[in-house]
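Below is one structure, written out as structure tokens, with a few remarks after it.
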Amino acid sequence: MKINKLRILRRGAIIAVGVFLGRGAHADTTITFDCTAVANHAVLADCIPPQINNPNAPPGITNYGNFAAASSPGIAVSGFGTPNIGLTWGSDNFPTTSWEYYNTSGSLWGDGAGGSGVVQLANSRVGSTEELTFTPNNPSAGVVVKSFDFFAYYNSNERFTYNVRVVSGTNVLSSQTVSFLSDGTKNHPVNINYTGAPEQTLKLQLRRVASTLSAGEVEGNEYNNAIDDIAFAQTPATTFPAGPQVASVTPADDTTGLPANSTPYAAIITNSPTLTVAAPIQLKLDYSLVSPPPTITPLGGGQTSVTYPGAAPLLLTSGLHVYTLTYADNLGGVYTNEVVFSTIYTTLPAAYALPPGSGVVRGFAYRTVSADSQVTTTLASSIARAEAQLNGTLINTNISMPYTNEATLGTNADGSFNIDTVLNFTDAGVDEGDFTGDQPFPGLPFPPDRWFSTEALLYLDLPAGYYRLGVNSDDGFEVTATPRQGVSGAPIVTGVFDNGRGAADTLFDVLVPTSGVYPFRLVYFQSAGSAECEFFSVTNLTTGDKVLINDPSASNAVKSFRVLAPYITSIVKSGTNAVVNWAYGTPPYQVQFKTNLTDAVWNNLGAPTASTTANVPIQPSTKFIRVFYVQP
């Protein structure tokens, strides 16, 4: 397993919140995360709010700041507060991005003695988003998202930049970019003051983006920032009775990476006796009514289910989508519940493909570059490091020269090995990841192995369709689809994890509009600790069944080839000859011709050759030309 790097900030063993008074005359709620000795909370341990470290995994952070009608530890209420506003804490795309509470008495974040607290933006790396959702439980109540303070702990050269947004469904209602240097204070206020419509759910998003760095500045560490004093309000200043609410919904809000051809919906509405058919339950997908309509089923116990099989067989576009559920109560109140989800996939250009049936020899080529014994400190856990190492340009700063390759070379001209079966490698000597039958990394006979990078070149036979592929890796990887020879175009990233980790899956979807054999490249890197890499496809999107790419024992495995039939890339007239160029295959090649496709026999043009070009004399009659691989 990947050795975890030392976090600069340590998670508090005791979490504490408390009462904060005097937030002004407005009727609002401020989440201060502060803890003081109050009735029934005489010690800090009594002030621990409900929390699960990863809010993406149920039940997540629950009931903290919900329906605040009076002050409580860590929640300061003025006026009547926010009795009709529920809060949901979450994040949108990085599984390890989370909200984490800190008691700061005596150390870490703090603005005084007695147990000051904050909520840490844990694993808040560039590209990740923390979210706080405000949901009214009555159609007459609205929410005002007011303000909060960024509070980076260290007085340092770390710069943090966030795009702070308020959204409703997929609509962006307010947006600003905030950038600041860490100075060990919470003097970085963010004023929003957005008022939602009655019954409108608002979502506050803190989207970490890359900073523009001045001299001497560095991008802030993903654990070194927090927020404090989250202020919000309810409008109008009236307490309303709670109406029927959505108790559970699938997909959950902000679910990422759903398959675009399988998006079923299921919700449970509580308080069924107050539902009314005067305004029937409706479900919309991307703001259009679904067809057929959802199935409505009374469940008893005051619950009603709403189900819809999804958009299949239609294919949703790649990107954000929203389900909107609308229902009413017997007092005329109309309620909505929105779920935002994404279906992210890559469409492979038809021009990148070779013809179906181009594969000749199953397998793939695999190349390894290692600097294990030469690394005296650490190397970056990144794709950039892997690419430099594979290219021989990764510099050993101790000698100001590139690292030399310590791995054993394969028999191919580029030092790669021919692998005939599956990509399922480990350095531990035991099975890791999702599959059994792990093999040692080619070229690395000295486990445990560290500081190495690998490259796999595969030609995947993909009939037209929708595919879910995946890599289980320890540490990171990148999979790209590359254009075939003779076609211009850049590699297309289809899946990536650009960091260190223990063995874990990353899934990614690919749409293939045109059947063919597509070139792929998988780059993998290992830092310290154990090493493991598997390449597979998901064969059942409902059950999640997986099979390794090119598994010869599985009839439903995606086939991979390492040798292709020669492919003619150009035919150009030159004087009395036609110059024929081709790619792929392995020598020897045989060039043949015939004057009519109905002729039974192809005629050899010269002897077999190792070249990938040939001059074919031009004759008055029409001539058909082919090149094929002469198998030994």
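For this structure, a couple of remarks:
- The set of residues from the stretch 49-86 being at pLDDT 50 or above and either among the acidic types (D, E) or more than 19 Å from T30 (Cβ to Cβ) (or both) comprises just one member, T62.
- Selection within the stretch 324-346: residues that are modelled with pLDDT under 90 and not in a strand (DSSP E or B). The member of this set that is farthest from Y466 (Cα to Cα) is L331.
- Conditions (1) modelled with pLDDT of 90 or more; (2) out of contact with any Asp or Glu (no Cβ under 6 Å at 6 or more places or on another chain); (3) within 30 Å of T494 (Cβ to Cβ); (4) assigned by TED's automatic domain parsing to the domain that holds V166; number of the one not met by E222: (1)
- Members of the stretch 384-402 found to be surrounded by fewer than 17 Cβ atoms within 10 Å (Cβ to Cβ) and either part of a loop (DSSP other than H, G, I, E, B) or among the aliphatic types (A, V, I, L, M) (or both), listed by number: A384, G392, T393, I395, T397, N398, I399, S400, M401
- One residue from S381, S370, S318 being within 30 Å of G415 (Cα to Cα) and touching a strand residue (DSSP E or B) at 6+ places or on another chain (Cβ under 6 Å): S370
- Residues in the stretch 441-451 that are of a type in the set (A, V, I, L, M, F, W, C) and under 26 Å from V563 (Cβ atoms) were compared, and the one that is modelled with the lowest pLDDT is L444.
- Inspection of the stretch 289-306 finds no residue satisfying the criterion of being touching a residue at least 40 places away in the same chain (Cβ under 8 Å), surrounded by fewer than 17 Cβ atoms within 10 Å (Cβ to Cβ), under 11 Å from F341 (Cα atoms) and not β-branched (V, I, T).
- Taking the criterion of being under 33 Å from the mean Cα position of the chain (by Cα), of a type in the set (A, V, I, L, M) and at pLDDT below 95, the residues of the stretch 408-434 that qualify are A428, V430.
- Residue in the stretch 358-372 that is over 20 Å from D505 (Cα atoms) and in a helix (DSSP H, G or I) present: yes
- Residues of the stretch 524-578 satisfying the condition of being of a type in the set (G, A, S), part of a strand (DSSP E or B) and surrounded by 14 or more Cβ atoms within 10 Å (Cβ to Cβ): G529, S537, S560, A578
- Given (1) over 28 Å from the mean Cα position of the chain (by Cα); (2) assigned to a loop (DSSP other than H, G, I, E, B), number of the condition S381 does not satisfy: (1)
- W582 meets all of the listed conditions (1) part of a loop (DSSP other than H, G, I, E, B); (2) surrounded by 13 or more Cβ atoms within 10 Å (Cβ to Cβ); (3) not β-branched (V, I, T) but one, namely (1).
- Selection within the stretch 592-617 - within 49 Å of the chain's Cα centre (by Cα) and either within 19 Å of P355 (Cα to Cα) or of a type in the set (S, T, Y) (or both): T609, S611, T612, T613
- Every residue from the stretch 418-437 that is buried (at least 18 other Cβ atoms within 10 Å of the Cβ) and in a strand (DSSP E or B): I419, N424, F425, T426
- Residue match in the stretch 606-626 (condition: in contact with a strand residue (DSSP E or B) (Cβ under 7 Å, 6 or more places away or on another chain), outside the structural domain of T436 (by TED's automatic domain parsing) and over 28 Å from V487 (Cα atoms)): yes
The values are calculated or read from the model by the stated rules, or taken from the named source; none is laboratory data. Computed from a predicted model, the values in this text were never measured in an experiment. As a convention, Cβ positions derive from the backbone with ideal geometry for all residues, glycine included, and neighbour counts pool all protein chains shown.
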